[in-house]
Amino acid sequence: MEPLIVTAALTGAVTVPTQTPYLPYTIEHLAEDAERCARAGAAIIHIHARNPENGAPSSDMDLFGEILKAIKARTDAVICTTTGGGVGMAPADRVRVVPTWQPELATCNMGSMNFSVHPIARRFNDDDYRFPWEARWLKGSEDFIFPNTFASIRHFLEEMRKTDTRPEFEIYDVGHLYNLEFMLSEGLVEKPIWLQFVMGVLGGIRATLYDLTHLLDTATRLFGADGYRWSVIGAGYPQQFHMCTAAIMLGGHARVGLEDNIFVRRGVLGRNHELVEKIVRIAGEFDRPIATPAEVRGLLNLKGQERVGF
Ligand code: KMH
Ligand code: ZN
């Protein structure tokens, strides 16, 4: 089996600061977490921009650039920037990070969907929140449709081709694999394909082994066993570690981090690097070696840190 590619998704645009004091949203905290995660074995750092004043998701390109430069200064890990942005961000604002900062890797979300986290708001009283935006953000997601039309997906892929940025295809349901097959037939996608199965989001496929094998069977049927590599996200606890442990056994790759799950074990809030340490420990128990950033650049055919724009 290939060495295990561990991705650390540090902050995202869904987890809110009131959920955990360990959520990084200042430039220094994000850079520090990135360095600790890389040291613990993460070869890819997946990053969103957040307002350092209040932790609100941000599409500010200057701020995004500061975060990217701070992380690059402290680690040689591959940086995968989001183009998913956050609730309410227009596709044009989401994709701007690609031409602006020309990352090696960027997400490409493969279909529109309900993307809701509103049940999380039931854990808090309105006066519990550290920042006013949090309650609106969580509750408002009940009426949110995450827009990824064929037109916007085509535009995102065309932008990535211009900067030799490899797409990480975010797959939230089996239909998204058929969308990807269509984009492949349109000549917009090169192989080998890098899939990120995003499982357990309310609005997408559930994070179960049955659903993971269904996604894998479909991907193999569409792209061939050698036509793709896959990583998996399990949203929440214990789904994050269930899905990633399955990936360790099946030859896939693993994404952990506070973007998707805040617990390192039941009821215990974790720091980003502790989540990385846990999946690296589990991989060790299965004798699965951990991929280095250099190995990842080779496996995913990335352009190299020297060719990014930050
Ligand atoms: N927030 C994750 C559920 C992206 O950033 O474009 C999916 C994700 C996609 O990370
Ligand atoms: Zn993300």
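Only the coordinates and a few stated rules stand behind these numbers; no lab work does. From a predicted model like this one, the values you see are computed outputs, not experimental measurements. Here the Cβ is made from the backbone with ideal geometry for all residues, glycine too, and neighbour counts use every protein chain on show.
See the values below:
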read-out	value
³J(HN,Hα) computed for each position of the stretch 70-81 - Karplus, 6.51 cos²θ - 1.76 cosθ + 1.60, integer Hz, glycine/proline x	5, 6, 4, 5, 10, 7, 9, 5, 6, 9, 10, 8
Mean-position separation - Cα centroids, the stretch 169-246 and the stretch 37-66, in angstrom	24 Å
Lys, Arg +1 and Asp, Glu -1 on Cβ, resulting dipole of the stretch 180-310 about Cα centre, debye, nearest 20	280 debye
Cα-based Lys pair tally, the chain, threshold under 21 Å, eight or more apart or on separate chains	5
Loop-resident sites, the stretch 223-266, for trypsin sites (Lys or Arg not before Pro), counting at most 14 other Cβ within 10 Å (DSSP)	266
The chain - share of DSSP beta bridges that are antiparallel (%, nearest 5)	20 percent
Relative exposure of 171, 79, judged by other C-beta atoms within 10 Å (fewest first)	79, 171
Rounded to the nearest 20 debye, dipole of the stretch 114-160 from Cβ charges on Lys, Arg, Asp, Glu	100 debye
Estimated dipole of the chain in Debye, rounded to 20 [Cβ of Lys and Arg +1, of Asp and Glu -1, Cα centre]	280 debye
Long-range amide H partners of residue 83 with built H, under 5 Å	107
Per-residue ³J(HN,Hα) for the stretch 281-291, Karplus 6.51 cos²θ - 1.76 cosθ + 1.60, θ = phi - 60°, Hz, x for Gly and Pro	5, 5, 4, x, 5, 9, 6, 9, x, 9, 6
The stretch 222-304: chymotrypsin sites (Phe, Trp or Tyr not before Pro) in DSSP coil with no more than 15 other Cβ atoms inside 10 Å	286
Long-range HN-HN contacts of residue 231 with modeled amide H, under 5 Å	195, 196, 197, 253
Coil-residue GluC sites (Glu not before Pro) of the stretch 34-116, DSSP, other Cβ within 10 Å capped at 15	53
The chain - mean residue ellipticity at 222 nm from DSSP helices (-39,500 (n - 2.57) per run, n ≥ 4, rounded to 500)	-11500 deg cm²/dmol
Cα shape, the stretch 6-307, gyration tensor, a/c 1.5 rule	rounded
Derived scalar couplings ³J(HN,Hα) [the stretch 21-29; Karplus, 6.51 cos²θ - 1.76 cosθ + 1.60; whole Hz; x for Gly, Pro]	x, 8, 5, x, 9, 8, 4, 5, 5
Nonlocal amide H pairs with residue 50, under 5 Å, H built at 1.01 Å	58
